[in-house]
């Protein structure tokens with residue numbers, strides 16, 4: 001699932017590319033995306049002819065601010081990612097390259113980045129003024145869209161219930177330590193709790209804990225002030241570096257141009273089970289904590 005760096009990259013890209021465009025039409029083969037107003041017909045009626053004023057992010061949610069005081073919240077979920085470009089209906093014969101067989105839409109200008117294998121599951125297209133198209137590629141169809149007045153969207157539990165943004169300049173170390181006075185449990189699970197901190201998932205929790213030399217099984221309440229300071233700095237550094245490198249493309253994620261991110265090339269522990277730790281040479285291990293995986297170095301991140 002895209003985490004804070006991937007969603008931040010997507011929102012920033014979209015804000016530059018489609019801000020000021022008007023939504024002229026939409027197509028989908030999966031009306032279940034529209035959580036509110038429900039159904040393609042109702043969603044279409046409310047969103048058509050609205051101008052995209054800006055695009056931003058809160059946690060892992062992308063917010064499209066539209067004319068008339070409306071906001072569209074989009075959560076890409078596990079396999080979804082937005083793409084900007086042009087597509088045409090796939091009307092080619094059996095000689096079409098295998099990757100596009102059975103797909104309804106193909107890139108209009110040959111393969112290029114949009115022709116990446118991970119970009120072929122086009123489930124939703126917004127047709128914009130100027131001929132641009134905003135598409136959603138989503139293998140498993142888990143993404144969701146909610147459209148409403150801004151006040152209504154900002155009162156949704158998935159927004160109102162979020163914890164602070166870890167890269168917010170106003171999120172100080174003192175505010176970080178305050179959070180731990182109310183939280184218990186294993187630190188890996190704590191970092192994944194979106195009501196604790198927003199935007200962190202499996203990848204960046206593992207990477208941050210490795211940099212801070214903290215075992216993912218440590219109880220949050222056992223961390224010293226010195227360890228908390230190191231973790232605070234590690235989280236912010238990892239997230240900022242991941243944003244700079246446009247996120248991690250471990251599986252489905254691509255940026256809106258269709259290109260993979262680059263941060264996976266410098267992962268220290270995530271998806272590196274059995275490989276050598278780049279700090280001490282020990283083998284990275286993978287364990288289950290709850291229902292989630294945790295990757296760490298058993299030497300650098302000893303359990304205390």
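Using a Gaussian network model of the chain in which every pair of alpha carbons under 10 angstrom is joined by a spring, one finds that among 32, 181, 51 the greatest mean-square fluctuation is at 181. Distance between the 7 Å Cα→Cβ label points at residue 89 and residue 108: 1.5 nm.
Taking each residue as 0.36 nm, the span from residue 172 to residue 42 lengthens on full extension beyond its C-alpha to C-alpha distance by 42.5 nm.
Gain on full extension, evaluated as 0.36 nm per residue between residue 250 and residue 117 minus their Cα-Cα distance, stands at 46.5 nm.
Arranged from fewest to most other beta-carbon atoms within 10 Å of their beta carbon, 214, 58 become 58, 214.
Compared with the dominant Cα axis of the chain, that is its longest principal axis, helix 4-18 is turned about 30°. Expressed as a fraction of 2.2 N^0.38 Å, the value expected for a compact globular protein of N residues, the C-alpha radius of gyration of segment 1-127 is 1.10.
The simple spin-label model puts a point 7 Å past each Cα toward its Cβ; for residue 25 and residue 237 those points are separated by 5.2 nm.
The packing ranking, built from the mean of other Cβ atoms within 10 Å per residue, places the peptides 136-148, 75-87 in the order 75-87, 136-148, highest first.
Net length available on complete extension from residue 49 to residue 156 is 36.1 nm, with 0.36 nm assigned per residue and the Cα-Cα distance removed. Give me the Debye-computed log₁₀ of I(q)/I(0) at q = 0.12, 0.19 Å⁻¹ for segment 202-304, equal point scatterers on Cα only, no solvent, two decimals. The calculated log intensity ratios at q = 0.12, 0.19 Å⁻¹ are -0.40, -0.96. Helix-only arithmetic for the chain: the sum of -39500 (n - 2.57) across DSSP H runs with n ≥ 4, divided by the residue total, places the mean residue ellipticity at 222 nm at -7500 deg cm²/dmol.
Computed from Cα atoms, the angle from the helix 225-244 axis to the main principal axis of the chain rounds to 30 degrees.
Quick note: the coordinates plus some simple rules give every number you see, no bench work behind them. Every value quoted in this text rests on a predicted model; they were computed, and no experiment measured them. Don't worry about glycine lacking a Cβ; one is built from the backbone with ideal geometry, like all the others, and counts go over all protein chains shown.
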